[in-house]
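Peer 1: Pasting in a structure now, in structure tokens, and then I'll have a few things to ask.
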């Protein structure tokens, strides 16, 4: 293009150019219109073939290869044992699925879909987007009361069929602890003492990351539950207790005590990088979920991963609570196929099968980074790490989900993520921080 | 020039419009107008309306008056930093990247050696999407595994280029400017090629120095390019989004208005009313620039 073209904007040079530009404009407009309608079409695809009674469509957020294959194995096993029922899986990228969940459930959702337990499920149950499966639950066996509670909506009905979970704990390398003679700490003071020792030994005591916004929430949850107990944490998440409460400040104060031992620059580090530094023995410990370190350790070092439960802070709360996010399956109320009684029956049959220990075994065989929720699952095939994780959760008095699963999604994503990141980069202004959180919390929870 | 005859033929033809002509005209004008209304104005007005409501995307839409705006200005810690960052973005691209692009264009235009090579190298980033630029920025600036810290060799207490909220905006601006400079350069290069050399010769004969020739003769003749560069700079800085989103989802020092809109509307948050209020603020800011530009253009047309 030359300069003169810019000067005469809107006055085309030749007739030919004129016609071309108009045609391409129309074409562009058509493409634009297509782009607008595309999302609608995409959700329409989720509908799948009309309800023939035996085909169940299933919306999956397991886009990573390992879980994707593990789920495929499980569904294949289901199809093999059922008479003629088929599971048609629509896999969507994990984060995209999460971000579109509201629209997905209101549009044309699949019959069955994967989602999370706790408040993150109750939120949609309250909006009437989930199908009540209380009758299924009467037949379910092998689920603890804690699991049932996490699968229950605010109205007392069950909506979720739990499948697996993964506890959070403080992870470390067994060989490193053995070489240096470190002992897993029981209390916060021992934890700090160990961290101090590691610092002396030229290690980053605690690998720390929060670039993605959620990893540091695990530390917050544990600090809060160990300091103030599960009941307090629950009501804090429900918006009943003020964030300006003395007990919340105490949590941040304790955290500030730990920060000097945490890797610096956490807001610029992904969880993968943090897990890497654990693997390379640059860092000594890290608060993670069960699948996280495993994903970054080479195969022959997997056995070297070990963990200890988050240390005790207030003796009266001990190590009662364990953070163990539960994933499971739900029925979407707006699914057209479920209006067909036979399809609904098929979908419920699938859930019943998925609720068995055997179904969980098939999944975990291909994805050993989680543990089964059912106590009928066969744990003899578990790795030592998985067995230890089972011990941890089965000894738990309460099971929490995760900050972003235990509270409102709008609160956790627009308030808590920036707030925790701000705390990490400026830990000294706790007053300003909790006031900020409380003010925003009030407006968000008031919105209803 | 071509405008006037075109208009005349148009008038003459007006007398001979048949029903079919009118139908064709109606369709050809109608479709774009409808598309414009449906795709541009409809959503815009809907956003403005929604900004006065509270809506979570599922339940009922509640009228809340100006409450969203009050919250936005007084009770949303990310808002003012985001607005500041957008302005900083504009200033940086406009005052640093664009002049630097002009400088490069002038140097290349004067015929340095390997000018083709420089030209293509500097233009290369423009073909990359900003999301990719953001990804590259992470490879370079990451604290633990980034190239920059590896080159500096600072392993004791490495600088956290992208995690430090006082620093990361500058690193991202650098990456954005890297791309913008090439874009501006290519525009000016095209403009410079079209500057009549006899103008420069005349100036030289009249005894003007290099600098004088450039600022008094060449730059004014580049006015149309300047306008284009100004416009794309404003657009780039208002719509800046992908690069910070790729780096850290636009948090922790990298807040931008566009990111706040996305955070609130898209995703599980679904604070659609509140997000719309931010979008309306963005709309008003862009309108400010658009109106200024149009007024200038219309005045310019009149003077011509």
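Peer 1: Helices (runs of 4 or more DSSP H) wholly in region A:383-447 with at least 3 residues that are touching a residue at least 12 places away in the same chain (Cβ under 8 Å) and within 9 Å of chain B (Cβ to nearest Cβ) - which ones? Walk me through how you get there before you give the answer.
Peer 2: Details: elements: A:384-394, A:403-406, A:417-425, A:430-446.
Result: A:417-425, A:430-446.
Peer 1: Considering A:244, A:219, A:270, which residue is more than 20 Å from residue A:308 (Cβ to Cβ) and under 22 Å from the mean Cα position of the chain (by Cα)?
Peer 2: Details: A:244 fails: under 22 Å from the mean Cα position of the chain (by Cα); A:219 fails: more than 20 Å from residue A:308 (Cβ to Cβ).
Exactly one of A:244, A:219, A:270 is more than 20 Å from residue A:308 (Cβ to Cβ) and under 22 Å from the mean Cα position of the chain (by Cα), namely A:270.
Peer 1: Residues to consider are A:415, A:373; find the one that is buried (at least 24 other Cβ atoms within 10 Å of the Cβ) and out of contact with any strand residue (DSSP E or B) (no Cβ under 8 Å at 6 or more places or on another chain).
Peer 2: Working: A:373 fails: out of contact with any strand residue (DSSP E or B) (no Cβ under 8 Å at 6 or more places or on another chain).
Step by step, each of A:415, A:373 is checked, and only A:415 is buried (at least 24 other Cβ atoms within 10 Å of the Cβ) and out of contact with any strand residue (DSSP E or B) (no Cβ under 8 Å at 6 or more places or on another chain).
Peer 1: For region B:195-304, which helices (runs of 4 or more DSSP H) that fit wholly inside it have 1 or more residues that are away from chain A (no Cβ under 14 Å), out of contact with any helix residue (DSSP H, G or I) (no Cβ under 7 Å at 6 or more places or on another chain) and under 16 Å from residue B:86 (Cβ atoms)? Even if it seems obvious, please write down each step before you answer.
Peer 2: Values: elements: B:197-205, B:223-239, B:242-248, B:257-265, B:272-303.
By residue number, B:223-239, B:272-303.
Peer 1: Of all helices (runs of 4 or more DSSP H) completely enclosed by region A:64-170, which ones contain at least 2 residues that are closer than 30 Å to residue A:206 by Cβ? Give the steps one after another, and end with the answer.
Peer 2: On the way: elements: A:65-81, A:94-99, A:101-106, A:119-126, A:134-139, A:145-150.
Here the list reads A:65-81, A:94-99, A:119-126, A:145-150.
Peer 1: Does residue B:91 fit the bill of being more than 12 Å from chain A (Cβ to nearest Cβ), in a helix (DSSP H, G or I) and without any contact (Cβ under 8 Å) to a residue 12 or more places away in the chain?
Peer 2: Working: more than 12 Å from chain A (Cβ to nearest Cβ): yes; in a helix (DSSP H, G or I): yes; without any contact (Cβ under 8 Å) to a residue 12 or more places away in the chain: yes.
Criteria met by residue B:91.
Peer 1: Suppose we keep only residues that are over 21 Å from residue A:254 (Cα atoms) and in a strand (DSSP E or B) within region A:290-313. Which one would you say is nearest to the other protein chains (Cβ to nearest Cβ)?
Peer 2: Pass one, region A:290-313, residues over 21 Å from residue A:254 (Cα atoms): A:290-307.
Still in the list and also in a strand (DSSP E or B): A:305-307.
Values: A:305: 20, A:306: 23, A:307: 22 Å.
Checking each candidate, the answer is A:305.
Peer 1: Out of B:91, B:82, which single residue is more than 15 Å from the chain's Cα centre (by Cα) and at pLDDT 85 or above?
Peer 2: Matching residue, one of B:91, B:82: B:82.
Peer 1: Looking at the structure I just gave you, is residue A:236 in the same structural domain as residue A:424 (by TED's automatic domain parsing), out of contact with any strand residue (DSSP E or B) (no Cβ under 6 Å at 6 or more places or on another chain) and buried (at least 21 other Cβ atoms within 10 Å of the Cβ)? Spell out how you get there, then give the answer.
Peer 2: Values: in the same structural domain as residue A:424 (by TED's automatic domain parsing): yes; out of contact with any strand residue (DSSP E or B) (no Cβ under 6 Å at 6 or more places or on another chain): yes; buried (at least 21 other Cβ atoms within 10 Å of the Cβ): yes.
Spelling it out, residue A:236 is indeed in the same structural domain as residue A:424 (by TED's automatic domain parsing), out of contact with any strand residue (DSSP E or B) (no Cβ under 6 Å at 6 or more places or on another chain) and buried (at least 21 other Cβ atoms within 10 Å of the Cβ).
The values are calculated or read from the model by the stated rules, or taken from the named source; none is laboratory data. A quick note: this is a predicted structure, and the numbers were derived from the prediction, not measured. Glycine gets a Cβ as well: all are built from the backbone with ideal geometry, and neighbour counts include every protein chain shown.
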